[in-house]
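Data first, discussion second: the structure below is written as structure tokens.
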Amino acid sequence: MKRILTIQDISCFGKCSITIALPVISAMGVEGVILPTALFSTHTLFPDFKKISLSEQMMAFAEQWKNNGIKFDAIYTGYLGSIEEIDTVLLLVDMFRDENTLVFVDPVMGDNGKLYRGFDEKYVIRNRKLCGCADIIVPNITEACMLTGTKYREEREEAYYVDLCGKLCDMGAKTTVLTGASLSDGKTGVFGMRASDRETFSYQNDKVAASFHGTGDLFASTAAAAMVRGIAMGDAFRIASDYTAETIRATMSNPDHPWYGVDFESTLPMLIGMTAKYL
Ligand code: PXL
């Protein structure tokens, strides 16, 4: 069985980061290993959240894994709460990467043109380094703009995405996949570029008029697990886009849906079915 190490926080309540990544990775038939960077009582949209940083423990955990000969087919990183955590992740990537390891980075920093609470320009600069050593990065448009120092625009066209992807590939990422990239009214999806030949690709879905916390984590963990299962990159991103869109739709159709996250638990059987078609 393939094995993914995911490095991100545990938000105990709130359905995001590891509480989404682990069930998705398991449902897709991949062994999930977690390295929590911090424990949050809830995600950061809740007021007065409590945080316990685990950054000092991360290296000791990793060293014990290394001493036990534990290896990973992929390293998938999500929300990292501080520059120190990014630096630790950079060391861990060096420690565990070999020629077959997929390094998949979701540079979680912000949305809708703004950084999430607790992040600043210095954090963005350090994230450039992590993105530069990744095989695949999956920023949303806000994150892509921050990483490349590009003005964030609500009105966008293909040339804007090509420019952002080109700059991110110049930073070193082998493949850049922008999320939330709309190519026409009423649609949204992904727009990607492979650095080696600047070949671009895109996949569009009907836009669901709602936005929920945790959907980026759902998308990234699905795509990372699909790729580790050997599904071709284009298909992996198609599965991730479709699954995320279906989950938002399912959440909206529940009149009592939570405000803080999506009902991905109800769509996991669908994900298993979608994945099986590509294996
Ligand atoms: O979904 C990304 C995420 C993960 N973890 C924490 C967050 C967020 C987004 O805000 O606050 C703690």
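Some notes on this structure:
- Which listed residue, of GLY29, GLY81, is part of a loop (DSSP other than H, G, I, E, B), surrounded by 15 or more Cβ atoms within 10 Å (Cβ to Cβ) and touching a strand residue (DSSP E or B) at 6+ places or on another chain (Cβ under 6 Å): GLY81
- Boolean, LYS122 is among the basic types (Lys, Arg), modelled with pLDDT of 95 or more and surrounded by 14 or more Cβ atoms within 10 Å (Cβ to Cβ): no
- Just one residue in the set ASN100, ASN112, ASN127 is more than 24 Å from ASP242 (Cα to Cα), surrounded by fewer than 17 Cβ atoms within 10 Å (Cβ to Cβ) and of a type in the set (S, T, N, Q); that residue is ASN100.
- For the range 116-137, the count of residues that are within 12 Å of the ligand (Cβ to nearest atom) and in contact with a helix residue (DSSP H, G or I) (Cβ under 7 Å, 6 or more places away or on another chain) is zero.
- Tallying residues that are within 17 Å of the chain's Cα centre (by Cα) and free of Cβ contacts under 8 Å to residues at least 40 places away in the same chain within the range 1-17 yields 2.
- Within the range 261-275, not a single residue is under 20 Å from GLU31 (Cβ atoms), among the hydrophobic types (A, V, I, L, M, F, W, C) and assigned to a loop (DSSP other than H, G, I, E, B).
- Residues of the range 194-235 classified as within 15 Å of VAL138 (Cα to Cα) and part of a loop (DSSP other than H, G, I, E, B), total: 2
- Looking across ALA195, ALA181, ALA210, one residue alone is over 18 Å from THR77 (Cβ atoms), surrounded by fewer than 17 Cβ atoms within 10 Å (Cβ to Cβ) and of a type in the set (Gly, Ala, Ser). It is ALA210.
- Among the conditions (1) within 14 Å of LEU80 (Cα to Cα); (2) within 19 Å of the chain's Cα centre (by Cα); (3) more than 9 Å from the ligand (Cβ to nearest atom), the only one that ALA38 does not satisfy is (3).
- Test: ALA21 is closer than 19 Å to GLU85 by Cα, more than 9 Å from the ligand (Cβ to nearest atom), among the aliphatic types (A, V, I, L, M) and in contact with a strand residue (DSSP E or B) (Cβ under 7 Å, 6 or more places away or on another chain): yes
- Looking across ILE34, ILE86, one residue alone is part of a helix (DSSP H, G or I) and touching a Leu at 6+ places or on another chain (Cβ under 8 Å). It is ILE86.
- Enumeration of residues in the range 38-96 that are β-branched (Val, Ile, Thr), under 30 Å from GLY230 (Cβ atoms) and touching a residue at least 60 places away in the same chain (Cβ under 8 Å): ILE75, THR77, VAL89
- The number of residues in the range 236-260 being in a helix (DSSP H, G or I) and surrounded by fewer than 16 Cβ atoms within 10 Å (Cβ to Cβ) comes to 3.
The values are calculated or read from the model by the stated rules, or taken from the named source; none is laboratory data. Everything numeric in this text was worked out from a predicted model, so none of it was measured. Cβ coordinates were reconstructed from backbone atoms using ideal geometry, including for glycine residues, and neighbour counts include every protein chain displayed.
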